[in-house]
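Enquirer: Take a look at this one; I'll ask things after.
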Amino acid sequence: MKSGFLNRGSVLVGLLAMFFASTALAQVEPTWVKQGVDWQKYNMFLVRPLNVDNVQVIKPAYAQDDPSDWSLEIQDLQGIQAIFRDVMNEQLSGNDGYPLVYAPGRGVVEVEVELLSITPWLKPGGDPALEGHVVTTLGSGEVTGRVELRDSTTRELLLLIEGDKAVGEKYTEFTRANNVSNIEVMFTSFGKRLRGAMDKVHGK
């Protein structure tokens, strides 16, 4: 027998899949979804800090032979984590949303997002050869990420997504401010879709 919460759960699955959908690529479907999840019982979020522990910086194709260092600074990674934290708090709990809690509990779905790799279009920290030039790029680069939704008390995996996402979808000058803005937009898109999916599950 097909229960109602399976239909509501499929809405959440579909919206979450859009997080890693790039305009240049076909929509990425969830890698794995647990069937029969009663999403209605979840009305709080436990959002883990953005995992950047093992993120790799991958040089774009044109720079593969560049021997210089393309690694990100610690403060850059910490800044990305801070943006994720603030955006998720605003999108999920703002405007009569869902409480964000800091410990496992009944009715709490745990959200963990990990960045696996980042491919910036230009060298982090700037390229001396480009000083004095205005460089415009389509977004800031690409990321490969992983999203896990779990029951916070049992740690049971409910949904898994892995895929690529463009960081920014407009042509802008490649500046730190624009890169930060592109990251905010990417996380905001994810937060809105997660919030929207849960709103539909709860009939809001």
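The values are calculated or read from the model by the stated rules, or taken from the named source; none is laboratory data. From a predicted model like this one, the values you see are computed outputs, not experimental measurements. Methodologically, a virtual Cβ is constructed for each residue, glycine included, from the backbone with ideal geometry; neighbour enumeration extends over all protein chains shown.
Enquirer: Residues L122, L130: which one is at pLDDT below 95, over 21 Å from A82 (Cα atoms) and buried (at least 16 other Cβ atoms within 10 Å of the Cβ)?
Expert: Matching residue, one of L122, L130: L122.
Enquirer: Moving on. Pick from the range 33-70 the residues that are basic (K, R) and assigned to a loop (DSSP other than H, G, I, E, B): which of them is nearest to R146 (Cα to Cα)?
Expert: Applying the filter and picking the extreme gives R48.
Enquirer: Take the residues in the range 163-204 that are under 17 Å from L122 (Cβ atoms) and among the aromatic types (F, W, Y); name whichever of them is modelled with the lowest pLDDT.
Expert: Restricting to residues being under 17 Å from L122 (Cβ atoms) and among the aromatic types (F, W, Y), the top hit is F174.
Enquirer: Please give the strands (runs of 3 or more DSSP E) falling wholly within the range 71-157 in which 2 or more residues are basic (K, R).
Expert: The strands (runs of 3 or more DSSP E) meeting that bar are 141-151.
Enquirer: For the range 97-118, check the following and say yes or no: at least one residue is aromatic (F, W, Y), crowded, with 16+ Cβ neighbours inside 10 Å and either touching a helix residue (DSSP H, G or I) at 6+ places or on another chain (Cβ under 9 Å) or farther than 18 Å from T175 by Cα (or both).
Expert: Yes, the range 97-118 contains a residue that is aromatic (F, W, Y), crowded, with 16+ Cβ neighbours inside 10 Å and either touching a helix residue (DSSP H, G or I) at 6+ places or on another chain (Cβ under 9 Å) or farther than 18 Å from T175 by Cα (or both).
Enquirer: On to the next question. For the structure I just gave you, tell me whether L25 is farther than 30 Å from G139 by Cα and either at pLDDT below 90 or small (G, A, S) (or both).
Expert: no
Enquirer: Another question about this same structure. If you check every pair at least six apart or on different chains, which have Cβ atoms under 8 Å apart with a residue in the range 31-55 that is over 17 Å from V101 (Cα atoms) first and a residue that is modelled with pLDDT under 95 and part of a loop (DSSP other than H, G, I, E, B) second?
Expert: Once the first residue is over 17 Å from V101 (Cα atoms) and sits in the range 31-55, its partners that are modelled with pLDDT under 95 and part of a loop (DSSP other than H, G, I, E, B) give G36/S3; Q40/H202; V55/L72.
Enquirer: Which one of the conditions (1) of a type in the set (K, R); (2) surrounded by 17 or more Cβ atoms within 10 Å (Cβ to Cβ); (3) modelled with pLDDT of 95 or more does R8 fail to meet, given that it meets all the rest?
Expert: (3)
Enquirer: Residues of the range 141-162 being of a type in the set (D, E), touching a Leu at 6+ places or on another chain (Cβ under 9 Å) and over 12 Å from V113 (Cβ atoms), which ones?
Expert: Across the range 141-162, the qualifying residue is only D151.
Enquirer: Of the residues Y98, Y102, Y62, which is more than 19 Å from the chain's Cα centre (by Cα) and at pLDDT 95 or above?
Expert: The unique qualifying residue is Y102.
Enquirer: Still on this model: Given the options V87, V111, V47, name the one that is within 17 Å of T188 (Cα to Cα) and touching a Gly at 6+ places or on another chain (Cβ under 9 Å).
Expert: The conditions single out V87.
Enquirer: Please find, within the range 169-195, the residue that is nearest to V135 (Cα to Cα) out of those that are touching a residue at least 40 places away in the same chain (Cβ under 8 Å) and assigned to a loop (DSSP other than H, G, I, E, B).
Expert: F174
Enquirer: So, G163, is that one within 13 Å of the chain's Cα centre (by Cα) and surrounded by 20 or more Cβ atoms within 10 Å (Cβ to Cβ) or not?
Expert: In short, yes.
Enquirer: Any idea which residue in the range 147-160 is surrounded by the most Cβ atoms within 10 Å (Cβ to Cβ), counting only those that are at pLDDT 95 or above and out of contact with any Lys or Arg (no Cβ under 8 Å at 6 or more places or on another chain)?
Expert: Residue satisfying both the conditions and the ranking: L149.
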